[in-house]
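Undergrad: Okay, here's the structure, questions in a sec.
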Amino acid sequence: MDIGASDYVREVRSLMDETVRTQGGAVGRAAALMAASLRGGGVIQAFGSGHSEAVAMEIAGRAGGLVPSNRLALRDIVLYGGAPVSVLTDTPSRLERDPSVARRIYDLAPVEPQDVFVLVSSSGVNGSVVELASLVKERGHDLIALTSVRHSTAMTSRHPSGRKLLDLADVVLDNGAPYGDAVLPLPGGGSFGAVSTITSALLAQMVVAEVVRELAGDGQSPPVYRSANVVGGDEHNQALESRYAGRIRRGA
């Protein structure tokens, strides 16, 4: 087999260029919703399960990112809801596909009406994320979906309603990943070299950059984290976090 790293880099570069070319309008719309929420005292609530949680971490609680942001996760039902740890270790995919877990995650979170939600799922069909999206819209929040349109449209929903994440969102950010995520062919069938995390992280950072631009345009100093590993970083971050006491969690 003569397919390797250079082929993967070529595919990733092409997909990143496509993402930048096609998603500018959606990035602007998503940033406008987020900036409006922050101006109104809101917080960005980000959720992803499985590998998508890495993208939620790009949005909530990292250096160079927005302080008024909160990460939701499946394990919240253990950390904050008292569920046994075994629910996370016994067939993890079952929890991801269980619609009933979404209400528990929402009810345990420090959510206010002005908050905006960013839900990340490349497939966009699992029960927990679709149910959470449904609940978010029922409660009147703006909803941004970060998903793969190609993958999602090729799938059947695992939610009882038959809906998918992209069906419920106010703005859809398309990470461009193919069905199955991987881009390089294996001899004899199958593929390798997943790309959705890379393009999803790119989109997440593009949106954050636009939000910062909008807030700076208002004449205010955007509430942005500094690295905890630079001099004065802890003091800077703690001062900003104190403005959102009880509204953002920085647990596991």
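Undergrad: What is the magnitude of the charge dipole of the chain about its Cα centre, with +1 placed on the Cβ of each Lys and Arg, -1 on the Cβ of each Asp and Glu, and no other charges, expressed in debye to the nearest 20? Show your work: numbers first, answer last.
TA: Working: 24 positive and 27 negative charges, 65 e Å.
Result for the chain is approximately 320 debye, rounded to the nearest 20.
Undergrad: Can you tell me the mean projection area, over all orientations, of the convex hull of the chain's alpha carbons? Units nm², please. If you can, show how the numbers build up before the last one.
TA: On the way: hull surface 60.0 nm².
With every direction weighted equally, the projected area is 15.0 nm².
Undergrad: Kindly sort Ser100, Ser157 by accessible area of their heavy atoms, largest first, with the probe set to 1.4 Å. Walk me through the numbers before you get to the answer.
TA: Numbers: Ser100 70, Ser157 20 Å².
My answer, sorted largest first, is Ser100, Ser157.
Undergrad: Would you work out which of Ser122, Ala5, Ser93 lies farthest towards the positive end of the dipole of segment 1-136, given +1 charges on the beta-carbon of Lys and Arg and -1 on that of Asp and Glu, about the Cα centre?
TA: The Cα lying farthest towards the positive end belongs to Ser122.
Undergrad: Another one. Roughly to the nearest percent, how much of the accessible area of segment 124-252 is carbon and sulfur, given a 1.4 Å probe?
TA: On the way: 3040 of 5930 Å².
That share works out to 51 percent.
Undergrad: How far apart, in nanometres, would the label points at Val85 and Ser161 be if each is projected 7 angstrom from Cα along the Cα-to-Cβ direction?
TA: 3.5 nm
Undergrad: Taking only the alpha carbons of segment 111-252, what extent do you get along each of the three principal axes, in Å, biggest first?
TA: 55, 39, 32
Undergrad: I want the antiparallel fraction of DSSP beta bridges within the chain, as a percent rounded to 5. It would help to have the intermediate numbers written out before the result.
TA: On the way: 4 of 22 bridges.
Looking only at bridges with both residues in the chain, the antiparallel portion is about 20 percent.
Undergrad: Could you tell me which helices of the chain pass both thresholds, a Cα extent of 15 Å or more along their own axis and a mean Kyte-Doolittle hydropathy of at least -0.5, with helices taken as whole DSSP H runs?
TA: Numbers: long enough: 5-22 (25 Å, -0.65); 24-39 (22 Å, 0.84); 127-138 (16 Å, 0.76); 196-217 (31 Å, 1.06).
Membrane-span-like by this criterion, though nothing is claimed about a membrane: 24-39, 127-138, 196-217.
Undergrad: Given Cβ point charges of +1 (Lys, Arg) and -1 (Asp, Glu) and nothing else, what value in debye, to the nearest 20, does the dipole of segment 1-131 about its Cα centre take? List each step's numbers first, then the result.
TA: Values: 12 positive and 15 negative charges, 62 e Å.
Approximately 300 debye in magnitude.
Undergrad: Separate question: Under a 1.4 angstrom probe, counting protein chains only, how are Thr153, Thr197 ranked by accessible area, largest first?
TA: Details: Thr153 90, Thr197 60 Å².
Highest to lowest solvent-accessible surface, that is Thr153, Thr197.
Undergrad: Here's another thing I want to ask about it. Arrange the peptides 55-67, 235-247, 122-134 so that the one whose residues have, on average, the most other Cβ atoms within 10 Å appears first. Can you show the working numbers first?
TA: Working: 55-67: 21.2, 235-247: 13.2, 122-134: 25.2.
Top to bottom by mean Cβ count within 10 Å: 122-134, 55-67, 235-247.
Undergrad: What distance in nm separates the simple spin-label points at Glu112 and Ala36, each placed 7 Å from Cα in the Cβ direction?
TA: A separation of 1.8 nm, rounded to one decimal place.
Undergrad: Which residues' amide hydrogens lie under 5 Å from the amide hydrogen of Gln45, considering only partners 5 or more residues apart or on another chain, with H built in the peptide plane?
TA: Answer set, sorted by chain and number: Asn70, Val116, Phe117, Val118.
Undergrad: Mind running the shape call on segment 1-138? Use the C-alpha gyration tensor, a ≥ b ≥ c as the square roots of the eigenvalues: rounded below 1.5 for a/c, prolate if a/b tops b/c, oblate otherwise. Don't skip to the end; give the middle numbers.
TA: Values: a/c = 2.09, a/b = 1.21, b/c = 1.72.
Oblate shape, in that a/c is at least 1.5 and b/c is the bigger or equal ratio.
Undergrad: Heavy-atom accessible area per residue, segment 122-220, 1.4 Å probe: how many Å²?
TA: Working: 3910 Å² over 99 residues.
That works out to 40 Å² for each residue.
Undergrad: Next up: Per the Debye formula with a single identical scatterer at each Cα and no solvent contribution, what log10 I(q)/I(0) holds for segment 85-127 at q = 0.30, 0.31 Å⁻¹?
TA: -1.15, -1.16
Undergrad: Computed FRET efficiency, Cβ-Cβ of Ser6 and Ala228, R0 35 Å: what is it to the nearest 0.05?
TA: 0.45
Undergrad: How big is the gap, in Å, between the Cα center of segment 216-246 and the Cα center of segment 66-117?
TA: Here the answer is 26 Å between Cα centres.
The values are calculated or read from the model by the stated rules, or taken from the named source; none is laboratory data. Worth saying up front: this structure is predicted, and the values here are computed from it rather than measured. All Cβ positions, even for glycine, are placed from backbone atoms using ideal geometry, and neighbour counts span all protein chains on display. These area figures cover heavy atoms from the full protein model, side chains too; ligands, DNA and RNA do not enter into them. Shrake-Rupley method; radii C 1.70, N 1.55, O 1.52, S 1.80 Å.
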